[in-house]
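The values are calculated or read from the model by the stated rules, or taken from the named source; none is laboratory data. Everything numeric here is computed off the predicted structure, so don't read it as measured data. Using ideal geometry, Cβ is built from the backbone for each residue, glycine included, and neighbour counts are taken over all protein chains shown. What goes into the accessible areas is simple: the full protein's heavy atoms, side chains included, and nothing from ligands, DNA or RNA. Shrake-Rupley method; radii C 1.70, N 1.55, O 1.52, S 1.80 Å.
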Amino acid sequence: MPTIEARTDLPGDVATVLAVSLDLDVERAAGRRHRVHPVPAGPGSRTSGRIGAGERVRWSLRLYGVVPLRHTTQILEVHEALPGGGARFVDAMVSGAFSAFRHEHLFDPLPPGPDGSARTRSTDRMTWTSPLGPLGRLADALLVRRTLVGLLADRNAEIGRRLGL
């Protein structure tokens, strides 16, 4: 199962970084390059604001501006206060182009910055399984990994902008 892990150090305390990370409007702004935006998906779904445990989002995007895709995820769990001062949430695909997709978001406090300000390390772990066996693995190597890394980098940059980075 392919995996991407990315770490981003962000200004702000864990609760603030978590709140910004759960905001669908951040995802909409970050996804401009691939025309990512949430679309209505029926009861229990959201298209804006802070998403919570059990809620779903249907994402519409245009891969490379051409290939239209739909991907529905659900927030499986949100832990706002873990031992050690961290936080975590997990979303997973309910339906979409992958055979399976899971994204774990971890937030850990860092020592204060030189000016005494709070800082948080955000760690993203994405795992997925592409359909179509060998063809899916080829797509992973040529396209999927690079696209997901780009989407994740855009998202983390937008979170940083919203936090004043």
Lys/Arg Cβ at +1, Asp/Glu Cβ at -1, dipole of the chain taken about the Cα centre: which of A139, V36, I51 is farthest positive-ward? A139
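From largest accessible area down, sort T127, T3; use a 1.4 Å probe on the protein chains.
Numbers: T127 35, T3 65 Å².
If we order T127, T3 from most to least accessible, we get T3, T127.
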Across the stretch 1-151, what fraction of all alpha-carbon pairs, as a whole percent, falls in each successive 5 Å bin from zero upward? 2, 9, 17, 21, 20, 15, 9, 5, 2, 0, 0
Quick calc, the stretch 99-165, dipole around Cα centre from Cβ unit charges on Lys, Arg (+) and Asp, Glu (-), nearest 20 debye, gives 120 debye
Taking a crude spin-label model, label points 7 Å out from Cα along the C-beta direction, the A19 to S99 distance in nm is 4.2 nm
Determine the sum of side-chain charges near H103: Lys and Arg each +1, Asp and Glu each -1, restricted to other residues whose C-beta is under 13 angstrom from that of H103. -2
Leading residue at positive end of dipole, the chain (Cβ point charges), from T72, A118, A92: T72
Take peptides 12-18, 142-148 and line them up by average Cβ neighbours within 10 Å, highest first, as a rough protection proxy. 12-18, 142-148
Measure off 7 Å from each Cα along the Cα-to-Cβ vector at R146 and E77, then give the distance between these two points in nanometres to one decimal. 3.5 nm
